[in-house]
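The values are calculated or read from the model by the stated rules, or taken from the named source; none is laboratory data. If you're wondering where the values come from, they're calculated on a predicted model, not measured in any experiment. Counting neighbours? That spans all protein chains shown, and the Cβs are built from the backbone with ideal geometry, glycine included.
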């Protein structure tokens, strides 16, 4: 390590370490691959990718990407004009204004990654498309990385989809819960509607700049596909935008893992992928089995008529989303109450109140590891629980409600103890902080 530092210097060793994934101070061809691709402009196919043999009778699905960049004014550091924030640090964020690939045509059979395993055929029963490999004991992955590892198995499809937004998606996040989870929302004799939730993030900077991590709260959506994956009727993936903050951002200010890291949060108006219509055959045959042109004599594409799907069983989207949420966050099995209700119940049941006050949402993947590790522990029964979606809104709304001085006082007591980005507080039913 000392010789490497002497030879490369601090910044050079930082870049070298970001590529040396096994920390053996040697770069294998696989580890050097991102630099080779950057210098040559050629990206050879990864050995880990599954071979996709052309299927003459297969169908293709057209997908469009829609993207509106982060609203910079929603970042907390915008309030002082980004004082002390290097312009270079935010360059990747500021320059990301359009999707990397506005439209892509994919094989319908690639979406077989969303099909349920044979033992998960009940409505609302979650399974992992990409399992989370992190927990409270394994810690988190390195921040000092620029290039995603080659995707494998079902990661390949997710990586390909997210690459439509930006060329450097990480399908496994640095913090738990990682991965992608899904459940069946509806069943017909030949089709499934699959609801899914994905936790992924993007690396916006490249050397010589330091890493900048862009982590949406979640990607969610649904797909309607045939049980043999030969046909996709509908596909949509998006970052929910109903909350005032939905993206976490972290960036390094030095050439080491222990360097200062800046953290901020902001609002992303739109980030979604959607199919333009059902998948269609890549080759069309007439009644005699002869291949025919996919366009009519006027040059317009031939219009297909698809049968209406009659669902035998289904659950509401909200129920499916809640099942996925609990799979990602076991602490959501606990009933979280609105602020005022939590204290009312605590008083009635003579319990303490455990509050989680944060800038953002606890059930979005936008918080620090300490919150996740605490939340994944088994909750004690002596508490009434609540969490507040956004600290500033919570404080202003309750403090301004002078019609009820008791709850205004409670708001004051909580905000006095609040430190950005998250604070966990235990207090008595009268609001006294323990």
Worksheet item: Of all strands (runs of 3 or more DSSP E) completely enclosed by the stretch 217-336, which ones contain at least 3 residues that are in the same structural domain as residue 92 (by TED's automatic domain parsing), under 30 Å from residue 83 (Cβ atoms) and touching a residue at least 40 places away in the same chain (Cβ under 8 Å)?
Response: 247-252, 261-266
Discussion item. So residue 32 ticks every box in (1) at pLDDT 75 or above; (2) outside any helix (DSSP H, G or I); (3) not assigned by TED's automatic domain parsing to the domain that holds residue 148 but one. Which box is left unticked?
Written reply: (2)
Practice prompt. Kindly indicate whether any position in the stretch 101-116 is over 20 Å from residue 244 (Cα atoms), within 19 Å of the chain's Cα centre (by Cα) and assigned to a loop (DSSP other than H, G, I, E, B).
Written response: yes
Discussion item. Out of everything in the stretch 185-207 that is part of a strand (DSSP E or B) and more than 18 Å from the chain's Cα centre (by Cα), what residue ends up being farthest from residue 146 (Cα to Cα)?
Written reply: 187
Practice prompt. Output the residues belonging to the stretch 117-137 that are surrounded by fewer than 19 Cβ atoms within 10 Å (Cβ to Cβ) and part of a strand (DSSP E or B).
Written response: 123, 127, 128
Worksheet entry | residue 175 being more than 28 Å from residue 104 (Cα to Cα) and in contact with a helix residue (DSSP H, G or I) (Cβ under 7 Å, 6 or more places away or on another chain) | yes
Fill in: Conditions (1) assigned to a helix (DSSP H, G or I); (2) at pLDDT 50 or above; (3) surrounded by 14 or more Cβ atoms within 10 Å (Cβ to Cβ): number failed by residue 357
(1)
Worksheet, complete the sentence: Of the residues in the stretch 73-116, those that are touching a helix residue (DSSP H, G or I) at 6+ places or on another chain (Cβ under 6 Å) and within 23 Å of residue 167 (Cα to Cα) come to 110, 113
Worksheet item: Mind checking which residues of the stretch 82-100 are modelled with pLDDT of 95 or more, crowded, with 17+ Cβ neighbours inside 10 Å and more than 20 Å from residue 241 (Cα to Cα)?
Response: 92
Response to the item:
With criteria (1) in contact with a helix residue (DSSP H, G or I) (Cβ under 7 Å, 6 or more places away or on another chain); (2) assigned to a loop (DSSP other than H, G, I, E, B); (3) buried (at least 19 other Cβ atoms within 10 Å of the Cβ), residue 182 comes up short on (2)
Worksheet item: For the subset of the stretch 363-384 comprising residues that are under 28 Å from residue 266 (Cβ atoms) and touching a helix residue (DSSP H, G or I) at 6+ places or on another chain (Cβ under 7 Å), which member is modelled with the highest pLDDT?
Response: 363
Worksheet item: Quick check: is even one residue across the stretch 137-151 over 18 Å from the mean Cα position of the chain (by Cα) and at pLDDT 95 or above?
Response: no
Fill in: Only one of 66, 79, 38 that is modelled with pLDDT of 70 or more and part of a helix (DSSP H, G or I)
79
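Being surrounded by fewer than 20 Cβ atoms within 10 Å (Cβ to Cβ) and out of contact with any strand residue (DSSP E or B) (no Cβ under 9 Å at 6 or more places or on another chain) narrows it down to one residue among 187, 156; which is it? If you could, list the steps in order and put the result at the bottom.
Numbers: 187 fails: out of contact with any strand residue (DSSP E or B) (no Cβ under 9 Å at 6 or more places or on another chain).
The unique qualifying residue is 156.
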